[in-house]
Each structure stands twice: as structure tokens, then as C-alpha cells.
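Structure record follows, encoded as C-alpha cells.
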Amino acid sequence: MKGKYRKDFHLREFCLTSNHTKFAPCLAPNRVMLIFVPAMYNLIKNFLFRYPPESIHHSVMRGMKTIYSLPLGKNILNAFCGVKTPGLEREIFGLTFSNPVGLAAGFDKDAKYIDELACLGFGFVEIGTVTPLPQPGNELPRLFRLPEDKALINRMGFNNEGAVAAAKRLQRKRSNIIVGGNIGKNKVTPNEEAVSDYEKCFHALYDVVDYFVVNVSSPNTPNLRALQEKEPLKQLLHHLQVLNAQKVKPKPILLKIAPDLTTEQLDDIIEIIKETKLAGIVATNTTISRAGLKTPAAEVNDIGAGGLSGLPVKKKATEVIRYIHTHSQGSIPIIAVGGIFTAEDAQEKLDAGASLVQVYTGFIYEGPTIVKKICAGLRTAGIH
């Protein structure tokens, strides 16, 4: 966007997000809602952020599930947060997405809230990371807010109830939202046997997800990132594609990568994706870097290990996406993750070469109308 076009976009975004209700008369009711709900969420967020992140997450999601179960609950959620923005549909790796904004893995690990999240306007939801066997994850506390940076640090450790339990829940979902299955290995499984874990997850979820994401990039499972190295990664992805080819209707399989890879490693990733004919890449996971944070270093050090997500990852994720898109000549579909809070953030990723975007930390900080706001902004900017 340039010139008057960019100014017009900023003005509309200001109208959408401003707390100054004098702009309300010039807006349709749907846009008035985009002022009222975020303002209310900002008040509520100040209260929510007084409590431990993980416990309040579960409390809020149980509350949303209760609202959804009420006689008019689904209609209420749709009215406040649903997306009715035509023209943003897109077909990627054989799937038709109602809009390009999805929810990243890690938020609904066990597929407990798919129908409720569908009411919030997401074009797709990625569950997981799920593992073959249930596992508790790392010790508490393991999720931390950095409000000054609009960021989170997590060292969850693939806490989940197992692939079979997730599959049973997905069999009961009522919405037709696209669901991705993000799969990983159990902590106790050595890397030499990791292929077996991914295979078990693939079989368990095959009938209930629309696409798969192979997660070898989380920093919170010991030695997992070693699977991003060329030979073990090639072996893993080739094995899954062989299994996939045996199915009557193969599912798209994508690879989720870290933002901390060197250009040489990214070149290897591109080569492997092409060689194994994977459907695409999810870029990027959380970072182990702590560079450039506004939060005092002593506070960050006290938090300890974990993956950093949110605004500090934005630039690096965009650089990775642009590199992959450029050096693959645009031949690899990319789902962008990392620092997406606004329509402009989403547009930056799309301009860099992404086909779809996902939010996670932005959802926590911006609230339940984030998809509505991003889609409205993209539509105003003429993104197709």
C-alpha cells in the first residue's frame, strides 16, 4: 500500500480500533462492534493478566465453552466475533480456506474447543502438538507473559492427552472448519525412534484432520531440534510421505521450522521439501533468542529457558518467509506465524510470500476479535 491508499488504510484501522466513539456514526454496526469488544477486552485483560497465564487460559476457554452451550450462545459468539468478510477465500494445497487467518498450534492442544473457536472467525485451527502417548509436559510454571514486549515465553514440553484422545474429540466436532494436526514425538522417545512416534500420530489423526504439520522445531523437548538436520529430517519426511501415498486420499503434510536456522539450513529445508514433495512449510516456531527485549534482563533470566513468541519474533519470521519464498521461486506454500497482531502484520507476511497466516500470542494480547479485525483490514486493503 502506498500514498493515499496507505493513509486510507490507516484511517480505517484507526476507526476500527479507536476508543473514541465519535467515529461510530460513520461506521456500520459490524465496525462499531470492533470498537466496543476490543475496548471491553482491554479492561478484562488487565484483570486476567493478574493470574498465572496457563491457569487463566483454561478458565477462559471453559467459560467460552459454557457460553457456546447456552441456547443462544453460538449466535452471541458469532455476532461479536464472527467473520463475514467475502473475498478472502483462498485455495491452498487442495483445501479451501474461508479466510487466511488461522489459530496456531499450542492454543488448543487437545482439540477441546474447535467448535467454539470456529465462532471466533478463524479460517482454520491447528491442534497440538500431539504425541502418541499422553504426557504431562514440563513442570509448572512454564508459561510467562512479557507485556512490555507483547510476548510470551513458554516451555510447555508437548503437554497433551495423546493423539487418540484428540482424534475422538475431533470425531464429535460440529463445525466444518479446517483443522490441522500438529504432530511430535514423546519426550521419552529417543531421536533414533522418532519416526515411529510421528507415524503413530499420523495414523491416529488421519481420518479427522485436513492437513498435518510435522513439528521438529520446538525448543522445549530435549534434542527435538536435532531432527531438523538434513539426513534425519529427510528420513522422517520421506517415511511419512510413503505412508501418505498409501492412503486413498493423501493429506497435505507441512513442516514447521524454527526462526533460528542459518541460511545454509534453510537451503537444506527447501531442498528437502522439494525432494519429498511436501505440501508446504509453517514458518516459524518460537525462538530461543532473547535479543532486543524491553523487559529487564534480570526478569527474563529469572524466567529461564523456553521459546519466545509474539512481537519480538515478527521481523525474524518475516525474513525466514521471504528467504524461503525467494529461494524456492515461490514454489512452496507457506503458513506464516510470528508477531501477527494487526492487519498490517498479516499483510507483511503475505507480501513476504506467505499464503496463510496464524496467530497465537496476538490472540492473547488483542482478544477474541483479532480475526475479525485482521480480515476487515485485509479486505479494506484489497488483499486477495
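Just so it is clear, none of the values below were taken in a lab; they were calculated from the coordinates. Just so it is clear, the model here is predicted, and its values are computed rather than measured. FYI the Cβ positions are ideal-geometry reconstructions off the backbone, even for glycines, and counts take in every protein chain you see.
Some points to look at:
- Net charge contributed by nearby residues that have their C-beta within less than 15 Å of Val195 (K/R +1, D/E -1): -3
- About the centre of its Cα atoms, the stretch 210-318 shows a dipole size close to 400 debye [charges on the beta carbon of Lys, Arg (+1) and Asp, Glu (-1) only; nearest 20 debye].
- Between the helical axis of 53-69 and the longest alpha-carbon principal axis of the chain there is an angle of about 70 degrees.
- From most to least packed by mean Cβ count within 10 Å, the peptides 176-188, 336-348 give 336-348, 176-188.
- Extreme residue, positive dipole direction of the chain, given options Gln228, Ala279, Tyr68 (C-beta unit charges): Tyr68
- Considering only Ile114, Ile44, Ile370, the Gaussian network model of the chain with Cα springs below 10 Å gives its largest mean-square fluctuation to Ile44.
- Centre separation in Å (Cα based) which lies between the stretch 182-229 and the stretch 117-179: 15
- Report note on the peptides 270-279, 320-329: ranked by the mean count of other C-beta atoms within 10 Å, highest first, their order is 320-329, 270-279.
- Ordering 119-125, 228-234 by mean Cβ neighbour count within 10 Å, with the highest value first, yields 119-125, 228-234.
- Taking the C-alpha atoms of the stretch 322-384, convex hull volume expressed per residue in Å³: 70
- Candidate lysines for bridging to Lys74, where Cα separation is under 23 Å - those fewer than 8 sequence places away on the same chain excluded: Lys45, Lys65, Lys84, Lys109, Lys112, Lys168, Lys173, Lys372, Lys373
- Separation of alpha-carbon centers, the stretch 89-104 and the stretch 272-323, rounded to whole Å: 23
- Using Cβ point charges alone (K and R +1, D and E -1), the dipole size of the stretch 331-375 about the Cα centre works out to roughly 160 debye.
- Between the residues Ile335, Ala163, Ile370, the greatest Cα displacement towards the positive end of the dipole of the chain, with unit charges on the Cβ of Lys, Arg, Asp and Glu, is found for Ile370.
- Applying 1/(1 + (r/R0)^6) with r as the Cβ-Cβ distance of Ile76 and Arg50 and R0 = 25 angstrom yields a FRET efficiency of 0.45.
- The chain - percent relative contact order, Cα under 8 Å, separation 6 or more: 18
- For the chain, modelled as a GNM whose springs connect Cα atoms under 10 angstrom apart, the maximal fluctuation among Ala245, Ala194, Ala167 occurs at Ala245.
- Altogether, the Stokes-Einstein calculation at 25 °C and 0.890 mPa s, with the Kirkwood radius of the chain over Cα pairs as Rh, returns a diffusion coefficient of 116 µm²/s.
- Among Gly304, Gly280, Gly162, residue whose mean-square fluctuation peaks in a GNM of the chain (springs only between Cα atoms under 10 Å): Gly304
- Working note: Karplus 6.51/-1.76/1.60 with θ = phi - 60° gives the stretch 183-195 the couplings 10, x, 10, 5, 4, 7, 7, x, 4, 5, 10, 4, 4 Hz, where Gly and Pro are set to x.
- With each label modelled as a point 7 angstrom along the Cα→C-beta vector, the Val242-Glu193 pair spans 1.9 nm.
- Computed [θ] at 222 nm, helices only, for the chain once each DSSP H run of length n ≥ 4 contributes -39500 (n - 2.57): -13500 deg cm²/dmol
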